[in-house]
Structures are given as C-alpha cells and as structure tokens.
Amino acid sequence: MILELDCGNSFIKWRVLQADGVTPVEGGVVSSDSDLLASLSNADKFQLKKCRLVSVRTLEETDSLVASLVDVFGLSVARAVPAREMAGVRNGYEDYERLGLDRWLALLGGFRLASGACLVLDFGTAITADFVAADGEHLGGFICPGMPLMRNQLRTHTRRIRYDDIAAERAHESLAPGRTTVEAVERGCMLMLRGFVLTQLELARQYWGKDFVVFLTGGDANLVSGVVPDARVVPDLVFVGLAMACPLS
Ligand SMILES: Nc1ncnc2c1ncn2[C@@H]1O[C@H](COP(=O)(O)OP(=O)(O)OP(=O)(O)O)[C@@H](O)[C@H]1O
Ligand SMILES: CC(C)(CO)[C@@H](O)C(=O)NCCC(=O)O
Ligand SMILES: [K+]
C-alpha cells in the first residue's frame, strides 16, 4: 500500500491507498511526527511499501520525518519538488521555487479536475488563493492569515480577549453583531474570511466571466462553503496534485 502525506504548518494530513494508487484505505490528521508514526504503527495492517509526500516545513524537519519513515517502516519516499511547468500548468511565480508546494499541488489538481480556468482557495493555518487560466497559466495568488492565526493574534496581542474553544464554536451559530467578546471576535474573523473569498470570486469573474471552477480545500473550507454554493469542496485536492507530481514508478 501507499502512504501519502501533506505536511502543513500545523498538521500532517495522511492517507493510505491500495497498491493501485487510487483506492483510499484510511486517513487522518495528526499534529506531530510522533503522532503520525503512532497512527501508522499498525503498519502490518497497511503493508506500506511506498510513500509520497509534500511538505511546506523546513528542509531539516522534512528530512527528519523522511528518515523516521525509512527507519521505522522501510518505506521508499518520493517528495514533491518545485517545477516551472507540469501537466499543462505554468508556475506563475517570478521565482518558481518560492511558490508553496502545497499551493502548487492544489492548483495542479484543480486544473486537472476543472479542465479549464480555476480558482483554488485553501483554508489552513494560512489561507491561500491561486488563479489558473484556461490555457494553464498560473496568474499568481494571495496569502493571508487563516482563522486560527487571526483569532490567536487577537488573543495574544490584547489583554481582554480571552475565551475557550467551546465558546468559539457556539459563537458561529449566527453572524449577527456580537454581544459578547467571543461572538464579536469569532464573527468578525468569519466576516473577514468571507469577505476575502468574495473578493477572490470578483477577481476571477473579471478575468474569466462565469467560465471557471472554484475549489475549496483545507481544514476550514467548510466555514465558507455557504458563500460559494457552486464551489467544489475537495478536501484532498493537494493529494490529487501529489499523485500527479509523484507518479508511482
Ligand atoms: N481533524 C482535524 N484536525 C485538526 N484540524 C482540523 C481537523 N478538521 C478540521 N480542522 C481545521 O483545519 C484547520 C487546519 O487546516 P489544515 O489542516 O488544512 O492546514 P494546516 O496543516 O494547519 O496548515 P497549512 O496546510 O496551511 O500549512 C484548523 O484550523 C482546524 O480548524
Ligand atoms: C502559504 C503556505 C504557508 C500555505 O500553507 C505555504 O504554501 C508556504 O509556506 N508557501 C511559501 C510562500 C509562498 O507560497 O509564496
Ligand atoms: K494547506
């Protein structure tokens, strides 16, 4: 079986596929290398042979994880690397190696699934938007803080904003003006998130009229799916691109 990993800034998303490289067996989200190894420790069940991964972590962190996977499970590991061009898409960055590899893979996956122009919105630690035209030209994108960073900045840099996760969740029952601190902050950040999304949609319409597909991915994609009813929510979009960038040899 094949192990796939998407190593983000806060979490590692993992999934195991059958040897055919298509059929999913199991997957999860973990917050550390050791939690990942623990989740996979039942490796006999998976009979892992190969791994492909994408990481936006430092080279040292990624090397260390790869070394563990080789040591513990004897896996052969393929890593996604930057490319100027792939699968009909041209990387739009001035320095193509600087474009986050998770963004690159997600937009490769989006362009493949859309077979045309697409806007890829990823809601993780950071929120990213990427624009790919129908001819495969990546026009670039935007990066801003994700929901966890927005709320934590407020909690860290103010003295009177303090609340727990349960209260935060309750605050999202509505978007009415907040009458408590937790409601005011949570709904305020939510409106920033939605405003960002609507601005991206407006830009995509200016470029392409109605002729484009919107993809939502990342752990917080569900927070905005309501404002883009036509969007395709594809939680594993990065993995779609990963399979393209690291085909099984
Ligand atoms: N099972 C889960 N475990 C952890 N976070 C989850 C889970 N399901 C949804 N989330 C949400 O996902 C968000 C994290 O997003 P995601 O996992 O896509 O990115 P990340 O790895 O933190 O960062 P990035 O990919 O931007 O580097 C958190 O804000 C959290 O609210
Ligand atoms: C923006 C993030 C953090 C999103 O995960 C990642 O894609 C990244 O570290 N990118 C490098 C900077 C860039 O894409 O311009
Ligand atoms: K991501």
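The values are calculated or read from the model by the stated rules, or taken from the named source; none is laboratory data. Predicted model, so just to flag it, every value in this text is computed and none were measured. Cβ sites come from the backbone with ideal geometry, for glycine too, and all protein chains shown count toward neighbours. Areas reflect the complete protein model, heavy atoms only, side chains present, ligands, DNA and RNA absent. Shrake-Rupley method; radii C 1.70, N 1.55, O 1.52, S 1.80 Å.
Observations on the structure shown:
- Of 45, 13, the residue with the largest accessible area leads and the full order is 45, 13 (1.4 Å probe).
- Span-like helix ranges in the chain, DSSP H, alpha carbon extent 30 angstrom or more, Kyte mean at least -0.5: 181-208
- Carbon/sulfur fraction of accessible area - region 96-249, other protein chains in place, 1.4 Å, %: 53
- Length-normalised contact order of the chain in % [C-alpha pairs under 8 Å, at least 6 apart]: 18
- Under-5 Å amide H pairs with residue 233, H placed in peptide plane, nonlocal only: 216
- Aspartates and glutamates whose Cα lies under 18 Å from that of residue 50, excluding same-chain neighbours fewer than 8 positions away: 4, 6, 20, 26, 33, 63, 71
- Relative packing of 29-41, 106-118, which averages over residues the other C-beta atoms within 10 Å, highest first: 106-118, 29-41
- Average accessible surface area per residue within region 2-79, 1.4 Å rolling probe, Å²: 50
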